[in-house]
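Written out below as structure tokens is the structure these notes cover.
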Amino acid sequence: MTKHAVLLTLSALAVAALQTGCSDKALTYQTNIKPILDANCVSCHVPGGEGYEKSGLLLDSYDGLMKGTKFGAVVVPGSSVGSTLYRLVSGQADPSIRMPHGQASLPDADIATIAAWIDQGAKN
């Protein structure tokens, strides 16, 4: 193996180990996700807010988040990669609809927390 291949392999193993370590802690909406959404998303995703008016997504409660938008669910419990919420905050969707819209991206730690919470089943 070349040095480059060894470094890539070690990097991938380190990332996998970190992700596994993060997902071992039981996460809940109330304790871990609501504070992130309150600080970054709720101002637009409430009645009268631009995000709510465009999508119908309410982010001021667990029930609102799990109900999703007028276009469908945004959280697929057990699958962060299948969840629109994760794809929008992690930059995996079109850059023009990255969330929070028109603001700085969420910190990587918050994005990882959202992914782990969804992968754990998106419990309240």
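The values are calculated or read from the model by the stated rules, or taken from the named source; none is laboratory data. Treat the numbers as computed from the prediction; the structure is a model and nothing was measured. We place every Cβ from the backbone using ideal geometry, glycine too, and count neighbours over all the protein chains shown.
Restricting attention to the range 40-69, the residues that are in contact with a Pro (Cβ under 7 Å, 6 or more places away or on another chain) and either in a loop (DSSP other than H, G, I, E, B) or over 14 Å from residue 85 (Cβ atoms) (or both) add up to 1.
Cβ separations smaller than 7 Å between residues 6+ apart or across chains give the following pairs from the range 90-116 residues that are free of Cβ contacts under 8 Å to residues at least 24 places away in the same chain to residues that are part of a helix (DSSP H, G or I) and of a type outside the set (Gly, Ala, Ser): 93/87; 97/88; 98/88.
Residue count for the range 89-124 under the criterion of being crowded, with 18+ Cβ neighbours inside 10 Å and closer than 19 Å to residue 49 by Cβ: the result is 5. Checking each residue of the range 36-50 against the condition of being more than 16 Å from residue 103 (Cβ to Cβ), surrounded by 12 or more Cβ atoms within 10 Å (Cβ to Cβ) and not hydrophobic (A, V, I, L, M, F, W, C) gives no match. Filtering the range 59-80 to residues that are more than 17 Å from residue 123 (Cα to Cα) and modelled with pLDDT of 95 or more leaves 69, 72. Taking the criterion of being surrounded by 20 or more Cβ atoms within 10 Å (Cβ to Cβ), of a type outside the set (S, T, N, Q) and in a helix (DSSP H, G or I), the residues of the range 70-87 that qualify are 85, 86.
Annotation: residue 96 fulfils all but one of (1) in a helix (DSSP H, G or I); (2) within 15 Å of residue 32 (Cα to Cα); (3) more than 12 Å from the chain's Cα centre (by Cα); the unmet one is (2).
Against the test of being of a type outside the set (Val, Ile, Thr) and over 14 Å from the mean Cα position of the chain (by Cα), the options 34, 67 yield a single qualifying residue, 67.
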